[in-house]
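The values are calculated or read from the model by the stated rules, or taken from the named source; none is laboratory data. Remember, predicted model here, so these are calculated numbers, not experimental data. Every residue, glycine among them, receives a Cβ derived from its backbone with ideal geometry; neighbour counts consider all protein chains shown.
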Amino acid sequence: MRKPIIAGNWKMNNTPAQAKELLEGLKPLIAGNEATEAAVCVPAILIGTVKEAMEGSQIHLGAENMHWEEKGAFTGEISPVMLNAFDVEYVIIGHSERRQYFAETDETVNKKVLSALAHGLKPIMCVGETLEQREAGVTDELVCGQVEKGLAGVECIDNVVIAYEPVWAIGTGKTATADEANRVCGIIRDKVGQMLGEEAAAKIRIQYGGSMNPKNVAELMAQPNIDGGLIGGAALKAEDFAALVNNQR
């Protein structure tokens, strides 16, 4: 039985004071929920603040990005060793915004995934198609290619989460239908099975990440291949994020 995971991606939002306020509002709303794993993936500058603010809760700590090297002349980057120092558990890798705005590729995503696993971090690896790619009918081929390249060299899937994020649905208010989201997540699961076997396919948690909100969470989470959500806008409001986490309660 796969435990659902709802992970908030704060993106470039919140000051330290706002982060504390958000977490203080969130903690009592999800307290005692053992049915769903809740995580917040936050800007690097907020990791220390968030780690302190989430003390005493069951919230898991995540980062939004990392470099694959442990150290070096990579101005502005964050290393896995730095994340380890703050007991970070999850790290988002290959988000569409990183691919679109910061030239990330399937190859750099793979380097980050392998480095994260080597350093005891749990990568949330993002895959998904643009509107143009969907309209061209290449969604299945593209997503499978991203999975295959992103997981190249991975031998154990236990600590990997995959997030299916149709790019056209991120931050737009548009959402893939529950059936279509489940279909693509199923294709991803099948691809993992082809690469690493049926046991790995049955075990891997696959999130949906396109404008999941309190109104559509129940329908999306009822699908057999959707094991949670990677949440943007709704993660910035304690009540909304709690509604997603508590959906399985």
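For (1) in contact (Cβ under 8 Å) with a residue 24 or more places away in the chain; (2) closer than 22 Å to Glu24 by Cα; (3) of a type in the set (Asp, Glu), each residue gets a yes or a no:
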{"position": "Gly209", "(1), (2), (3)": "yes, no, no"}
{"position": "Lys215", "(1), (2), (3)": "no, no, no"}
{"position": "Ala218", "(1), (2), (3)": "yes, no, no"}
{"position": "Pro224", "(1), (2), (3)": "yes, no, no"}
{"position": "Ile231", "(1), (2), (3)": "yes, yes, no"}
{"position": "Glu239", "(1), (2), (3)": "yes, yes, yes"}
{"position": "Leu244", "(1), (2), (3)": "yes, yes, no"}
{"position": "Arg249", "(1), (2), (3)": "yes, yes, no"}
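Among the conditions (1) in contact with a Phe, Trp or Tyr (Cβ under 9 Å, 6 or more places away or on another chain); (2) more than 29 Å from Met221 (Cα to Cα), the only one that Ala17 does not satisfy is (1).
Taking (1) at pLDDT below 95; (2) buried (at least 18 other Cβ atoms within 10 Å of the Cβ) in turn, Gly62 satisfies each apart from (1).
Considering only helices (runs of 4 or more DSSP H) fully contained in the stretch 88-143, which possess at least 3 residues that are surrounded by fewer than 20 Cβ atoms within 10 Å (Cβ to Cβ) and among the charged types (D, E, K, R)? Write out each step before concluding.
Numbers: elements: 96-101, 106-118, 131-135.
Where helices (runs of 4 or more DSSP H) fall fully within the stretch 88-143 and carry at least 3 residues being surrounded by fewer than 20 Cβ atoms within 10 Å (Cβ to Cβ) and among the charged types (D, E, K, R), they are 106-118, 131-135.
Of the residues making up the stretch 79-104, those that are of a type in the set (Asp, Glu) and in contact with a strand residue (DSSP E or B) (Cβ under 8 Å, 6 or more places away or on another chain) number 2.
Could you tell me whether any residue of the stretch 168-181 is among the polar types (S, T, N, Q), farther than 25 Å from Asn13 by Cα and more than 15 Å from the chain's Cα centre (by Cα)? The answer is yes, given that some residue of the stretch 168-181 is among the polar types (S, T, N, Q), farther than 25 Å from Asn13 by Cα and more than 15 Å from the chain's Cα centre (by Cα). Scanning the stretch 107-163 for residues being without any contact (Cβ under 8 Å) to a residue 12 or more places away in the chain and small (Gly, Ala, Ser) gives a total of 2. When the stretch 170-181 is filtered for residues that are surrounded by fewer than 21 Cβ atoms within 10 Å (Cβ to Cβ) and outside any loop (DSSP other than H, G, I, E, B), the ones remaining, listed by number, are Ala178, Asp179, Glu180. Taken together, the residues in the stretch 216-231 that are within 20 Å of Ile92 (Cα to Cα) and either among the acidic types (Asp, Glu) or at pLDDT below 95 (or both) amount to 1.
Test Val154 against the stated conditions and say whether it is modelled with pLDDT of 95 or more and part of a helix (DSSP H, G or I). Steps first, answer last, please.
On the way: modelled with pLDDT of 95 or more: yes; part of a helix (DSSP H, G or I): no.
No, not satisfied.
Among the candidates Ala243, Ala235, Ala218, the residue that is surrounded by 22 or more Cβ atoms within 10 Å (Cβ to Cβ) and over 20 Å from Glu148 (Cβ atoms) is uniquely Ala235. Residues that are surrounded by fewer than 21 Cβ atoms within 10 Å (Cβ to Cβ), of a type in the set (Val, Ile, Thr), under 23 Å from Glu97 (Cβ atoms) and more than 21 Å from the chain's Cα centre (by Cα) do not occur anywhere in the stretch 34-47.
So that you can scan it fast, the table gives a plain yes or no per residue for (1) touching a helix residue (DSSP H, G or I) at 6+ places or on another chain (Cβ under 9 Å); (2) at pLDDT 95 or above; (3) within 27 Å of Thr15 (Cβ to Cβ):
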{"residue": "Met54", "(1), (2), (3)": "yes, yes, yes"}
{"residue": "Thr75", "(1), (2), (3)": "no, yes, yes"}
{"residue": "Leu83", "(1), (2), (3)": "yes, yes, yes"}
{"residue": "Lys111", "(1), (2), (3)": "no, yes, no"}
{"residue": "Ala118", "(1), (2), (3)": "yes, yes, no"}
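The set of residues in the stretch 11-32 being under 23 Å from Arg205 (Cβ atoms) and touching a helix residue (DSSP H, G or I) at 6+ places or on another chain (Cβ under 6 Å) consists of Leu26, Leu29, Ile30. I want to confirm something. Restricting to the stretch 164-180 and keeping residues that are closer than 15 Å to Gln207 by Cβ and among the hydroxyl-bearing types (Ser, Thr, Tyr), which single residue is modelled with the highest pLDDT? Of everything passing the filter in the stretch 164-180, Tyr164 is modelled with the highest pLDDT.
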